[in-house]
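Step one of this worksheet: look at the structure below.
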Amino acid sequence: MESPRMDLVIRAERVITPEGQRPCSVGVAGGRIVAVESGTVESGAVALTGERVLELGDDEVLLPGLVDTHVHVNDPGRSEWEGFDSATRAAAAGGVTTIVDMPLNSLPPTVDVESLAVKRKAAAGRIAVDVGFWGGAVPGNLGALRPLHEAGVFGFKCFLLHSGVDEFAPLDEAELGAAMRELAGFGGLLIVHAEDADVIDRAPRPSGPRYADFLGSRPREAENTAIARVLRLARETGARVHILHLASADAVGLIAEARADGAAVTAETCPHYLSFVAEEIRDGATEFKCCPPIREAANREQLWRALGDGVLDCVVTDHSPCTPELKRFDSGDFGEAWGGVAGLQVGLPAVWTGARQRGYTLSDIATWMAQRPAEQVGLSRKGRIAVGCDADFVVFAPDEAFVVDPARLRHRNPVSAYHDRPLAGVVRSTWLRGREVAGEPFGEFLVREAGS
């Protein structure tokens, strides 16, 4: 029997659903997925009909729109680094249909309800994908956390050492414990840049163009010590915590142990930690500087295994761009250069390139980069091709190769650690709530769902 007519029907031999890859027809009405029928018309499946029917090519796969919960848009205040218009266009070009913006590097930082309103005003009418916001936990704003939570932020970011910008100060141990107790009282989520200030203060200072010297200035011990402290306080307070941009594979066991003990802890890593290795970073290549740093090859393989084992929950970009001048390409000095990798548009092909080499599948990619990030922030209608979810899709050609040219990326500045890197997988089109993202920005603001 023929089904009711829909706004859009997408038919493909390869659709990545929560149940795995299968041939499907996906029906969309009112911006939501209303039907997912296994099989294709040729194989005798129920014939979904729509105002528009899109038949994917044999070389194309339908993925859920990616959810990137770690993006520094830097707008307002430092919009020459990036901005809501350029960041969300780059996101769409990379198959990302939802971003959650970090509270720092913008001016003012998002540390109270008033600054959240400033950020939303700056973004209004300029977003090509859906956008949510993190709040910040900084010294002196304990009383602002609950109002921010009620205003819809997805959680609160904190640092345990200097953040890189003076207006977003770190928490000491007493302040960290106080913030976690406050958040535990209303079910808030704390997301932590976990590097220990004392360990780094004892390490050699970074200076000059040698990457090995920079790596030595941010030792694994700094991450391991900070993560152990966060996990101890999570056990004591009952707070939900998330470890950001894990680079030290040594800490994987600590996270697994805490989770086995009942602590509410999740953790992420990033495409650049899964793609690059310290041994191959040439001197003066400050486009690779980020904190915590890209570590050695053996460490990278351990991160991949932790993803496969489920100890690391998700992969998000930590897109942290800046102007070319701040990368200090004139001197190549890692001590002076801004730390951050701009990777929002290339995260999907970067991770897919490494994943397929290690035997992982596109279903794994959808889990790590769409479903689990959505679950982590409580976006129940994002990250899956399933009935009731938003009709957010990526048409992806997994076997098409390309070489990254920063000048052709939609980031505001042509600075990329992926420059000249060959990658597998091309985004052919991106769909947000059943509409192809092509020109006019029609993204919406997202707020935390009740109970998350």
task: Any chance you could count how many residues in the range 166-190 are under 18 Å from Cys290 (Cα atoms) and either over 25 Å from the mean Cα position of the chain (by Cα) or buried (at least 21 other Cβ atoms within 10 Å of the Cβ) (or both)?
output: 1
- request: Working only within the range 256-287, note down all residues that are out of contact with any helix residue (DSSP H, G or I) (no Cβ under 7 Å at 6 or more places or on another chain) and in a helix (DSSP H, G or I).
  value: Ala256, Glu257, Arg259, Ala260, His272, Glu280
task: Could you check, for the range 25-35, whether at least one of its residues is more than 23 Å from Ala438 (Cα to Cα), touching a residue at least 24 places away in the same chain (Cβ under 8 Å) and in contact with a Ser or Thr (Cβ under 7 Å, 6 or more places away or on another chain)?
output: yes
query: Just one of the numbered conditions (1) over 17 Å from the mean Cα position of the chain (by Cα); (2) among the acidic types (Asp, Glu); (3) under 28 Å from Glu13 (Cα atoms) is not true of Asp420; which one?
result: (3)
task: Name the one entry in Ala366, Ala337, Ala298, Ala374 that is within 30 Å of Ala285 (Cα to Cα) and part of a helix (DSSP H, G or I).
output: Ala298
message: Anything in the range 240-253 that is buried (at least 21 other Cβ atoms within 10 Å of the Cβ) and either out of contact with any strand residue (DSSP E or B) (no Cβ under 6 Å at 6 or more places or on another chain) or not assigned by TED's automatic domain parsing to the domain that holds Met369 (or both)? List them, or say none.
response: His245, Ala247, Ser248, Ala249, Ala251, Val252
- prompt: Restricting attention to the range 194-216, which residues are in contact (Cβ under 8 Å) with a residue 60 or more places away in the chain and closer than 20 Å to Asp250 by Cα?
  reply: Glu195, Ala212, Phe214, Leu215
- line: Of those in the range 317-347 that are touching a helix residue (DSSP H, G or I) at 6+ places or on another chain (Cβ under 6 Å) and within 15 Å of Pro271 (Cα to Cα), the residue surrounded by the most Cβ atoms within 10 Å (Cβ to Cβ) is Leu344
message: I want to confirm something. Restricting to the range 275-302 and keeping residues that are surrounded by fewer than 24 Cβ atoms within 10 Å (Cβ to Cβ) and in contact with a Leu (Cβ under 7 Å, 6 or more places away or on another chain), which single residue is nearest to Val67 (Cα to Cα)?
response: Arg300
- request: Restrict the check to the range 441-451 and report whether at least one residue is in contact (Cβ under 8 Å) with a residue 40 or more places away in the chain, in the same structural domain as Gly187 (by TED's automatic domain parsing) and either of a type in the set (Gly, Ala, Ser) or in contact with a Ser or Thr (Cβ under 6 Å, 6 or more places away or on another chain) (or both).
  value: no
task: Determine, yes or no, whether Leu56 is surrounded by 19 or more Cβ atoms within 10 Å (Cβ to Cβ), of a type outside the set (Ser, Thr, Tyr) and within 20 Å of the chain's Cα centre (by Cα).
output: no
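For (1) at pLDDT below 95; (2) over 18 Å from the mean Cα position of the chain (by Cα); (3) not assigned by TED's automatic domain parsing to the domain that holds Ser217; (4) not hydrophobic (A, V, I, L, M, F, W, C), each residue gets a yes or a no:
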{"position": "Leu344", "(1), (2), (3), (4)": "no, no, no, no"}
{"position": "Gly347", "(1), (2), (3), (4)": "no, no, no, yes"}
{"position": "Thr361", "(1), (2), (3), (4)": "no, yes, no, yes"}
{"position": "Met369", "(1), (2), (3), (4)": "no, no, no, no"}
{"position": "Arg372", "(1), (2), (3), (4)": "no, no, no, yes"}
{"position": "Gly378", "(1), (2), (3), (4)": "no, no, no, yes"}
{"position": "Val387", "(1), (2), (3), (4)": "no, yes, yes, no"}
{"position": "Val395", "(1), (2), (3), (4)": "no, yes, yes, no"}
{"position": "Val415", "(1), (2), (3), (4)": "no, yes, no, no"}
task: Might you check whether a residue that is small (Gly, Ala, Ser) and either at positive phi or in a helix (DSSP H, G or I) (or both) occurs anywhere in the range 314-327?
output: no
query: Name the pairs: first residue in the range 230-248 and farther than 19 Å from Gly136 by Cα, second residue acidic (Asp, Glu), Cβ to Cβ under 6 Å, at least 6 apart or on different chains?
result: Ser248/Glu223
Counted residues, the range 166-176 - those being in a helix (DSSP H, G or I) and of a type in the set (D, E, K, R): 2
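The values are calculated or read from the model by the stated rules, or taken from the named source; none is laboratory data. Here the structure is a predicted model, which is why all the values come from computation and not from measurement. Positions of Cβ are generated from backbone atoms using ideal geometry, with glycine treated the same way; all protein chains shown enter the neighbour counts.
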